[in-house]
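Notes to accompany the following structure.
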Amino acid sequence: MVRTFTAHRVRKQEELTGCLWDFIPCEGKNAGKCYRVSTPSVWETYPNFGLYRGEGVYKRAFKAGGNLRFECKGVSHTATVYLDGKEIAHHYNAYTAFDTIVRDVPMGEHVLEIKADNRFSEASSLHIPNDYMTYGGVNRPVVLEQLNDMYIEWIHVTPIKKENVWTAKVEVKVHNLAGKELTAKVNLFIANKREETKEVMVKAGSFTIATYDLTFENVEEWSMDNPVLYEVTGIVELNGLIVDDFIDRFGFRQIVIEGKKILLNNKEVRIKGVCRHEDHPHYGCALPYQAMCNDLNLVRDLGANSVRTAHYPNDEIFLDLCDEMGILVWEENHARGLSVEQMKNPNFEWQAEQVTEEMIRTHYNHPSIYIWGILNECASEDEYGKECYKKQFDLIRNLDVSRPCSFASCKVKSDICLGLPDVVSYNIYPLWYHDTPVEEHLDDLYTWVQQETEGAGKPFLITEIGAGGMYGYRSPYKTKWSEEYQEATLDKQLTAVLNYPDCSGVYIWQFCDIRISEEGFAGRPRTMNNKGIVDEYRRPKLVYETVKRIFEEN
Ligand code: ADA
């Protein structure tokens, strides 16, 4: 499965994963051996590869020909792709899709190889030893498409409500793969309501963006209670022949910041959310569809209305499910806790800006995404760090004017970047990392933001709050790490935050216990981050029912 709906009816598309591939490790005692593994998957879930940090090659044969487009939805963390032994693509970052097109491939059997590299080095500024695991493998689907001379790369739909009437700006990016200029019709079918045709002339090997400004009557709005989705279909017609199609989904909803409030279709949003890593002991970061559904059913059962994709863009299928279930998403680019020295890595800027661009371009139409986040707990107390934050907010605002943007700070009373985001967000851990009472810490922070910073007057979110609890460790004395301590702490934390008048909501850290990097955080019990509301096997801890009660009461 690549999406939860059919994305092409004309274009020939085949998922190459979803079956067995050869896996050949490049280093260590098993170097060169060939294993048959299911894909998508990460090698840490194979016997004897739980700690393998190195390179591994995934290989399979396939039959096709013509203009072949290979799209990898995620390879962790650096990919080099070969067709019949010749390099055709190279990409950094496990959490965003990339593609490559090879033209005029002779029809017949071919071999695709994907070399994945999960090593830490200066070449990798975002995948570093961290309080989550960087896995190795083909963690998301790989798709093969056979294209004609012209194809649609993406369709972006921006719904805007004007004088109580829904309109939408629709942009269709069309490529010409032929060796000569081509003129074609781009037919647009949208929301079962409208169809429009535009004629486009595209130079050889180039592209154009066809733009439509449309008005709609009698459409239903997308909301958390009524997540109505519509399809948009683009059809390319060349010399009377239909040569390509592209189908996506969107929702009629608008996010507006009004003073200290976040409004979704003019209704104030109060976030009751959880931060969630893509992590599972059976799948690593390559969670299958059913596991994603199970997680979201737990999110819904908790009474949560939002997920924060800590700390990277998520699988497209997960976002499709959030669209369908009416769960709001804070999606963020890939970074966690980088110091200014780490932000000065010469690879940091291009790698951070690349993941931001890829995230927004590919996830643009998801109505569930209400905000873009960047650079979780990076050096926002430093002037150099501020330049990086500013560049990335400028990039986001150039790519998407329809959503607010923010970043989760941990720089209490030292952040110098609060004038940059649309929403001020903080990660705080009173009663876990320090003993300050929750209300006192919250009040002290909020007052400082209002009186001393350019974040004054903006919406204010708590993007992390929580405590550790070891599943099965019970203590009548509520000693730290016991389930009782975690339950009592989150009860105080959530009650204080959700009763704080000027706070737009809260994200619990975190949904489930996760594996972390042995290299960087071996000090944590079990080499895991144990602050989950459920453990890594999704077994609810004592705190689960307390969260559920508080979320339902607020
Ligand atoms: C930070 C960080 C999280 C996690 C958390 C913790 O807020 O953003 O990724 O590491 O601390 O568990 O301490």
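The values are calculated or read from the model by the stated rules, or taken from the named source; none is laboratory data. Since this is a predicted model, take the numbers as computed values, not measurements. Note that each Cβ is placed from the backbone with ideal geometry, even for glycine, and that neighbours are counted across all protein chains shown. When the accessible area is computed, the model is the full protein with side chains, heavy atoms only, and any ligands, DNA or RNA have been set aside. Shrake-Rupley method; radii C 1.70, N 1.55, O 1.52, S 1.80 Å.
A few comments on the model shown:
- Scanning the range 225-254 for residues that are part of a loop (DSSP other than H, G, I, E, B), within 20 Å of TYR364 (Cβ to Cβ) and of a type outside the set (Gly, Ala, Ser) yields VAL228, LEU229, ARG253, GLN254.
- For the range 250-280, taking the residues that are among the small types (Gly, Ala, Ser) and farther than 30 Å from ILE516 by Cβ, the one that is farthest from the ligand (Cβ to nearest atom) is identified as GLY251.
- Subset of the range 160-200 (residues that are under 30 Å from VAL105 (Cα atoms) and not in a strand (DSSP E or B)): LEU177, ALA178, GLY179, LYS180, GLU181
- Hey, ILE317 over 30 Å from PRO421 (Cα atoms), modelled with pLDDT of 95 or more and open to solvent by less than 30 Å² (accessible area, probe 1.4 Å) or not: no
- Residue count for the range 498-515, restricted to those that are under 26 Å from the mean Cα position of the chain (by Cα) and farther than 23 Å from LEU296 by Cβ: 1
- Test result for ARG36, in a loop (DSSP other than H, G, I, E, B) and modelled with pLDDT of 95 or more: no
- Restricting attention to the range 284-337, the residues that are under 21 Å from SER124 (Cβ atoms) and more than 16 Å from the ligand (Cβ to nearest atom) add up to 3.
- Residue match in the range 402-419 (condition: touching a Ser or Thr at 6+ places or on another chain (Cβ under 7 Å) and acidic (Asp, Glu)): yes
- Sub-8 Å Cβ pairs linking a first residue in the range 80-92 that is over 21 Å from TYR135 (Cβ atoms) and assigned by TED's automatic domain parsing to the domain that holds ASN139 to a second residue that is basic (Lys, Arg) and assigned to a strand (DSSP E or B), at least 6 apart or interchain, are TYR82/LYS115, ordered by first then second residue.
- Residue within the range 272-279 that is of a type in the set (Lys, Arg) and surrounded by 20 or more Cβ atoms within 10 Å (Cβ to Cβ) present: yes
- GLY18 in contact with a helix residue (DSSP H, G or I) (Cβ under 8 Å, 6 or more places away or on another chain) and among the small types (Gly, Ala, Ser): no
- The range 95-134, residues that are within 16 Å of the ligand (Cβ to nearest atom) and not β-branched (Val, Ile, Thr): TYR95, LEU126, HIS127, PRO129, ASN130, ASP131, TYR132, MET133
- Taken together, the criteria place LEU494 among residues that are surrounded by 15 or more Cβ atoms within 10 Å (Cβ to Cβ) and closer than 25 Å to ASP535 by Cβ.
- Residues of the range 475-493 satisfying the condition of being away from the ligand (no atom under 16 Å from the Cβ) and free of Cβ contacts under 8 Å to residues at least 60 places away in the same chain: SER475, PRO476, TYR477, LYS478, THR479, SER482, GLU484, GLU487, ALA488, ASP491
- Scanning the range 93-127 for residues that are open to solvent by less than 20 Å² (accessible area, probe 1.4 Å) and either touching a helix residue (DSSP H, G or I) at 6+ places or on another chain (Cβ under 6 Å) or aliphatic (A, V, I, L, M) (or both) yields ASN93, ALA94, THR96, ALA97, VAL105, LEU112, ILE114, ALA116, SER125, LEU126.
- So GLU536, is it in contact with a helix residue (DSSP H, G or I) (Cβ under 7 Å, 6 or more places away or on another chain), at negative phi and not aromatic (Phe, Trp, Tyr): no
- Listed by position, the strands (runs of 3 or more DSSP E) inside the range 271-333 whose residues that are in the same structural domain as TYR132 (by TED's automatic domain parsing) and either touching a residue at least 12 places away in the same chain (Cβ under 8 Å) or farther than 20 Å from ASP400 by Cα (or both) number at least 3 form an empty set.
- Only a single criterion out of (1) open to solvent by less than 10 Å² (accessible area, probe 1.4 Å); (2) not in a strand (DSSP E or B) is not satisfied by LYS548, namely (1).
- Those residues of the range 338-360 which are part of a helix (DSSP H, G or I), away from the ligand (no atom under 16 Å from the Cβ) and open to solvent by 30 Å² or more (accessible area, probe 1.4 Å), in sequence order: GLU341, GLU349, TRP350, GLU353, GLN354, GLU357
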